[in-house]
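Structure first, then comments.
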Amino acid sequence: MMDETSEARLRDLRLNLAEICLEGRVERIAQLCRNPSGDALMTMINSGVRHLAMTKNDQAVAERCHRILSVEHDVGRKVCAYLALNLFTFPHTIDRSFDIVDVPTPLIATVVKTQLAVPMFFTRDGARRRALAHVEATVQEIHKAATVIDEQDFREEILTGFMDGYSAMSIYAEDVPLRNLATKRAGLIRLYLDTFGLANDVVPQRRDHGIIRLGVLCPGAFSETAALRGHLKGLDRRAFQVTAFVPDEAEASVSAGFEDLADDFVALPVADIPRAAQIIVAQELDILMAGANLTNTCRFPWTLLMAQRLAPLQAAMHASNITTGFATVDVYLNGVLNEPEDAQSDYTEELLLFPGSSNHYVLSGAKVTPSTLTREQIGVPDAAVLAVSGANFFKIGPDLIDAWARILAGAPGAHLMLYPFNPNWTTHYPHKDGFLRFVQDRFAAHEVSVDRLHVLEAQPTRAPILGVLALADLYLDSFPYSGAVSLIDPLSVGCPPIVREGHTARCRQSSGLMRDLGLDVMVTRTTEHYITLSTRLLKDDSLRREMREAVTDVMRQFGAAIDEGIGDVVGDALKAALAKRRA
């Protein structure tokens with residue numbers, strides 16, 4: 001938690017930086033943002049300072065910024081005031097009043113990064129939807145400017161700002177199609193590769209190796225590794241030869257996660273994308289598949305590689321939360337239960353659907369034994385009914401917090417424990433303080449005592465998480481953006497999860513898994529149903545026992561199927577797609 005001295009220091013630094021911006025000296029601001037030790041403006045913006053309540057001094061500076069934006073005719077001064085104002089508030093709340101094409105060239109990259117720096121969490125109803133709309137409009141404007149203005153310096157600056165500034169992590173959670181956003185993003189990434197001479201496309205020759213050469217870009221994240229292992233386990237090794245590509249900077253650790261599922265390992269120099277592309281091409285692959293998320297940030301090496309044509313058939317899977325938008329990614333693999341009937345319209349790739357859900361996770365390493373814990377050790381009264389959620393910080397918005405608060409308000413004897421700071425998403429949560437204050441305020445607004453809310457910090461292993469879940473009575477999944485591999489933990493210890501089914505694939509992962517297991521009774525379709533069912537379970541001991549017994553029975557009968565993998569159906573889908581490509 002940030003102490004008072006650190007907060008005061010941060011506020012002073014922000015005011016000083018704002019005054020420098022308001023001086024209107026373009027070159028000085030540009031130097032601050034290109035300092036070898038770090039971009040001063042973006043460091044401040046990303047520090048979490050914008051989540052702090054504004055003081056009178058802060059408000060006075062913000063009002064000066066607004067005034068300049070509304071009455072000033074000089075674009076340079078407007079731009080400087082805009083940058084200053086972003087130190088206090090978020091870009092989706094600001095009337096910018098100038099076009100990107102009119103920004104002085106030395107500040108274009110900085111302005112673009114600032115425009116894309118939306119909150120990592122949202123505290124007001126509808127704010128995430130407004131931020132998404134802002135990002136969509138901004139990316140549209142950047143795409144138009146970058147493709148229309150044929151000036152090398154301008155194009156390099158605007159593309160650099162976009163590549164550095166874009167992140168969709170906090171806006172994925174809206175349950176709406178994001179194909180248009182993904183397509184514009186993909187176009188800008190491809191333009192960046194071409195502009196900076198990084199693209200290395202080839203027209204792969206058709207070769208008959210007698211076996212299908214499948215190259216896999218392996219992830220390092222725990223959940224993505226488990227998902228990709230689930231897609232590879234069960235693959236017909238007589239028909240497929242698997243080459244696992246791993247980053248050179250983490251070669252040993254990533255390779256360890258796939259040593260039982262790959263025939264060969266190739267380390268890629270992730271700092272040298274053209275060289276990495278050449279290495280992939282030299283493998284003469286038939287299929288190149290990405291097992292990591294290609295759709296969040298832009299400089300992720302696997303994203304830059306999949307934006308190029310390196311194999312005859314290139315494939316993505318549900319580790320990418322939305323369509324990649326790349327013309328070079330041909331197919332997207334998913335389970336029928338993970339997609340709505342109109343799903344193809346959400347993808348630029350051909351959607352390859354196989355039976356059941358895609359949520360089969362094969363964990364690497366030894367089986368984890370739950371820690372032996374007591375209620376006293378985790379700060380929960382023995383008499384309390386305990387609900388738990390491992391929904392990540394980035395998935396939790398006002399709608400979800402309000403639902404949880406209403407559930408606890410309707411079940412006065414219940415407590416809720418969260419563990420939202422999963423190190424598999426990020427190792428650094430700079431906005432933690434503001435997030436926790438927001439959650440506590442929302443609970444207080446529903447007259448739910450904050451001492452009924454418990455937060456578990458990030459744990460070094462899954463053992464303590466499993467120990468807490470073994471003590472829990474109910475697991476509350478996130479919505480609209482649902483859980484995925486995080487649902488395996490409560491299921492494994494018999495803790496019944498309540499999930500809410502959305503429309504888009506990223507909002508149907510939990511429901512797809514639950515339906516695949518035959519646990520449809522725990523799938524809800526509306527927020528009200530989610531609240532009603534959860535509240536009823538927390539209040540009804542006998543019904544809760546029935547649900548726990550149902551989960552235990554299902555996992556005893558079918559739980560092993562989750563670990564068995566779906567390589568057989570994934571292989572069939574890839575074979576058919578490759579044959580179609582070759583026809």
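The values are calculated or read from the model by the stated rules, or taken from the named source; none is laboratory data. Everything numeric here is computed off the predicted structure, so don't read it as measured data. Here the Cβ is made from the backbone with ideal geometry for all residues, glycine too, and neighbour counts use every protein chain on show.
General observations
- Extreme residue, surrounded by the most Cβ atoms within 10 Å (Cβ to Cβ), among residues of segment 152-194 that are hydroxyl-bearing (S, T, Y) and assigned to a helix (DSSP H, G or I): Y192
- Test: residue in segment 221-239 that is more than 19 Å from D563 (Cβ to Cβ), in contact with a Gly (Cβ under 9 Å, 6 or more places away or on another chain), touching a residue at least 24 places away in the same chain (Cβ under 8 Å) and aliphatic (A, V, I, L, M): yes
- Test: residue in segment 512-522 that is among the β-branched types (V, I, T), closer than 19 Å to L337 by Cβ and not assigned by TED's automatic domain parsing to the domain that holds E224: yes
- Subset tally (residues that are in contact with a strand residue (DSSP E or B) (Cβ under 6 Å, 6 or more places away or on another chain) and part of a loop (DSSP other than H, G, I, E, B)) for segment 207-238: 2
- Test: residue in segment 125-135 that is modelled with pLDDT under 95, outside any helix (DSSP H, G or I) and either in the same structural domain as P312 (by TED's automatic domain parsing) or within 30 Å of D433 (Cβ to Cβ) (or both): yes
- Meets criteria (at pLDDT below 95 and not aliphatic (A, V, I, L, M)) for D553: yes
- Here Q241 meets the list (1) in a loop (DSSP other than H, G, I, E, B); (2) assigned by TED's automatic domain parsing to the domain that holds H318; (3) farther than 17 Å from W302 by Cβ; (4) not aliphatic (A, V, I, L, M) almost entirely, failing just condition (1).
- Cβ-Cβ contacts under 7 Å between residues 6 or more apart (or on different chains), taken from a first residue in segment 1-22 that is loosely packed, with under 11 Cβ neighbours inside 10 Å to a second residue that is part of a helix (DSSP H, G or I), are listed as M1/D433.
- Condition met for V111 (surrounded by 17 or more Cβ atoms within 10 Å (Cβ to Cβ), outside the structural domain of I401 (by TED's automatic domain parsing) and at pLDDT 95 or above): yes
- Breaking point among (1) out of contact with any Cys (no Cβ under 9 Å at 6 or more places or on another chain); (2) in contact (Cβ under 8 Å) with a residue 12 or more places away in the chain; (3) closer than 30 Å to E564 by Cβ, for F479: (1)
- Check on I498, over 19 Å from the mean Cα position of the chain (by Cα), among the β-branched types (V, I, T), more than 22 Å from I171 (Cβ to Cβ) and buried (at least 21 other Cβ atoms within 10 Å of the Cβ): yes
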